[in-house]
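One structure is given here, and the rest of the page talks about it.
The values are calculated or read from the model by the stated rules, or taken from the named source; none is laboratory data. Because the structure is a prediction, the values reported are computed rather than measured. Glycine also receives a Cβ, built like all others from the backbone with ideal geometry; neighbour counts cover every protein chain displayed.
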């Protein structure tokens, strides 16, 4: 694969959508009793558990969560984004995010973009693709634009999250630790 093709595929993520409404809180995304774990695979087993096994099966078959306003509201917990990664989710497209969820998503390497127009157009099971360099969502046979991620956020995502980014940065700078 050419370097250009590799760069393009790394910045374009997506898959089949699972659609949720407004105000999906972190207690629904990952119930508090599972917060003792930080293992993405273990957390994924309990993602959206309060909504039942059908939703959990559909989540694991999806690549993108699409949601309404205020996705990730509630208590601040990194495991909310980590469990989505463990379930195979590559991106969350929402009308808006809780600020803490948005930062946790980026810090764990999960693409999170806001587009109320895309959310309104996407139906459950539709293919959704996000290019966070170009600032484009492709869904429902349409293109939706959003502000492309700034360079420092792209670097965090492409490193696999903030900790991996800091470790890579310190390794290349000759400094030990983070």
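Among the residues of the stretch 32-67, which ones are assigned to a loop (DSSP other than H, G, I, E, B) and touching a helix residue (DSSP H, G or I) at 6+ places or on another chain (Cβ under 6 Å)?
The first filter runs over the stretch 32-67 and keeps only residues assigned to a loop (DSSP other than H, G, I, E, B), leaving 35-39, 45-48, 52, 61-63.
Within the stretch 32-67, 35, 37, 46, 47, 48 meet the criteria.
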Sole exception among (1) exposed (fewer than 14 other Cβ atoms within 10 Å of the Cβ); (2) assigned to a loop (DSSP other than H, G, I, E, B) for residue 149, by number:
(1)
Matching residues in the stretch 68-77 - criterion: being assigned to a loop (DSSP other than H, G, I, E, B) and crowded, with 20+ Cβ neighbours inside 10 Å
72, 77
Condition broken by residue 133, with the remaining ones in (1) assigned to a strand (DSSP E or B); (2) touching a helix residue (DSSP H, G or I) at 6+ places or on another chain (Cβ under 6 Å); (3) in contact (Cβ under 8 Å) with a residue 60 or more places away in the chain satisfied
(1)
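Looking for something at pLDDT 95 or above and more than 15 Å from residue 19 (Cβ to Cβ) - is there at least one such residue anywhere in the stretch 114-128? Reasoning before the result, please.
Residues of the stretch 114-128 at pLDDT 95 or above: 114-128.
Those still in the list that are more than 15 Å from residue 19 (Cβ to Cβ) too: 114.
Scanning the stretch 114-128, I find at least one residue that is at pLDDT 95 or above and more than 15 Å from residue 19 (Cβ to Cβ), so the answer is yes.
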Filtering the stretch 87-126 down to residues that are assigned to a helix (DSSP H, G or I), in contact with a strand residue (DSSP E or B) (Cβ under 6 Å, 6 or more places away or on another chain) and buried (at least 18 other Cβ atoms within 10 Å of the Cβ) yields 102, 105, 118, 119
Kindly indicate whether any position in the stretch 157-173 is modelled with pLDDT of 95 or more, assigned to a helix (DSSP H, G or I) and on the phi < 0 side of the Ramachandran plot.
no
